[in-house]
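Asks: The structure is given below, and queries will be raised subsequently.
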Ligand code: CIR
């Protein structure tokens, strides 16, 4: 069960955020409304939400998931591979320290963004991507093992982050899309296959029995519902324009 979440409100500079999507420029006012609804959804799942203030220096800083990994026994401050995001870790440090006695750090030359890390109980999958390198993955593995967890490393081909194409829904059920559908790392799970034209919805998030899914992906919502979960759609269209999904917008712990 999760009890808390940390989010950061989007800043006006989000219109300059990193993106590979061809979906246009985010509408800031709409993003604020969507972000408020996202916070509502987290609260409806029973989480106490800390909303950090916007920071105009960092266009992508609303995607807090990438800068820290929260585990039940320690937090890890990452070292983002995107140069414009590298300093975001400094912004989050205080709020992490307020919640964790054990705070570990990824060090140079390692890079790691926690969108590349998926927790399955005591095991963590770490994606090797353009943002997370082998040194970062090796450091994280050492940290996790020190705290009694295990880890395995998965090479990504196309997606930005590991959780761009995967969402673990507990109970051995794994939402998966594209390159992950026949990846042997995941063949022990019951795969819930997300259609290619709803790929964005693979980044859905299990929180205390409810699954938050991006609004506008009805087949995936139905797939999750028929697997036995309550579904709470959240419209994150303005964040999708920046390659950001539901998981990216919060740290849950
Ligand atoms: C970026 O490219 O870093 C942001 N525009 C989106 C980050 C999305 N984060 C995530 O998938 N965990």
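Asks: Throw me the Rg/Rh for the stretch 1-144, computed over C-alpha atoms with Kirkwood Rh, two decimals. Present the calculation step by step, with values, prior to reporting the outcome.
Replies: On the way: Rg = 15.3 Å, Rh = 16.0 Å.
Radius of gyration relative to Kirkwood radius: 0.96.
Asks: Let me ask something else about it. For 70, 119, 14, what ranking results if the residue with the fewest other Cβ atoms within 10 Å of its Cβ goes first?
Replies: So the ranking, lowest neighbour count to highest, is 119, 70, 14.
Asks: What is the gain in length, in nm to one decimal, between residue 94 and residue 225 on full extension, counting 0.36 nm per residue of separation less the C-alpha to C-alpha distance?
Replies: On the way: separation 131, 0.36 × 131 = 47.16 nm, distance 3.77 nm.
Length gained between residue 94 and residue 225: 43.4 nm.
Asks: Can you sort 143, 224 from fewest to most other Cβ atoms within 10 Å of each residue's own Cβ? Display every interim value, and only then the final one.
Replies: Values: 143 20, 224 26.
Listed from fewest to most nearby Cβ atoms, that is 143, 224.
Asks: I would also like to ask the following. Quick check on the chain: helices-only [θ] at 222 nm, where DSSP H runs of length 4 and up contribute -39,500 (n - 2.57) each and the sum goes over total residues. Nearest 500, please.
Replies: Values: 5 runs with 53 residues, N = 253.
That calculation yields -6500 deg cm²/dmol at 222 nm.
Asks: Another one. Considering Cα pairs under 8 angstrom that are at least six residues apart, work out the relative contact order of the stretch 72-182 and quote it in whole percent.
Replies: Values: 188 pairs, mean separation 25.6, N = 111.
So the answer I get is 23 percent.
Asks: Ok, one more. Can you tell me the length gained on complete extension of the stretch residue 21 to residue 193, counting 0.36 nm per residue apart and subtracting the Cα distance? Can you show the working numbers first?
Replies: On the way: separation 172, 0.36 × 172 = 61.92 nm, distance 2.23 nm.
So the chain would gain 59.7 nm between residue 21 and residue 193.
Asks: Distance from the Cα centre of the stretch 137-172 to that of the stretch 1-57, in angstrom?
Replies: Measuring centre to centre over Cα atoms gives 23 Å.
Asks: Give the Rg/Rh ratio for the stretch 66-204, taking Rg as the radius of gyration of the Cα atoms and Rh as the Kirkwood radius, to two decimals. Mind showing how you got there, number by number?
Replies: Working: Rg = 14.7 Å, Rh = 15.2 Å.
Answer for the stretch 66-204: 0.96.
Asks: With only alpha-carbon atoms counted, please give the Rg and Dmax of the stretch 1-84, in Å.
Replies: 13.9, 40
Asks: Hey, rough spin-label estimate for residue 33 and residue 4, points 7 angstrom out along Cα→Cβ, what's it come to in nanometres?
Replies: With each label placed 7 Å out from Cα toward Cβ, I get 3.2 nm.
Asks: Obtain the nm distance between the two label points defined at residue 44 and residue 57 by a simple spin-label model: each point lies 7 Å from its Cα along the Cα-to-C-beta direction.
Replies: Placing both labels 7 Å along Cα→Cβ, they lie 3.6 nm apart.
Asks: Output the antiparallel fraction of DSSP beta bridges having both residues in the chain, as a percent to the nearest 5. Intermediate values should be presented prior to the final figure.
Replies: Numbers: 16 of 39 bridges.
Percent antiparallel among DSSP bridges in the chain is about 40.
Asks: So, how do all the Cα-to-Cα distances of the chain break down into 5 Å bins, in percent, from 0 on up?
Replies: Answer for the chain: a P(r) of 1, 6, 14, 19, 21, 19, 12, 5, 1 percent.
Each value in this text was obtained by applying a stated rule to the coordinates, not by laboratory testing. The model shown is predicted, which means the values in this text are computed figures rather than measured ones. Cβ coordinates were reconstructed from backbone atoms using ideal geometry, including for glycine residues, and neighbour counts include every protein chain displayed.
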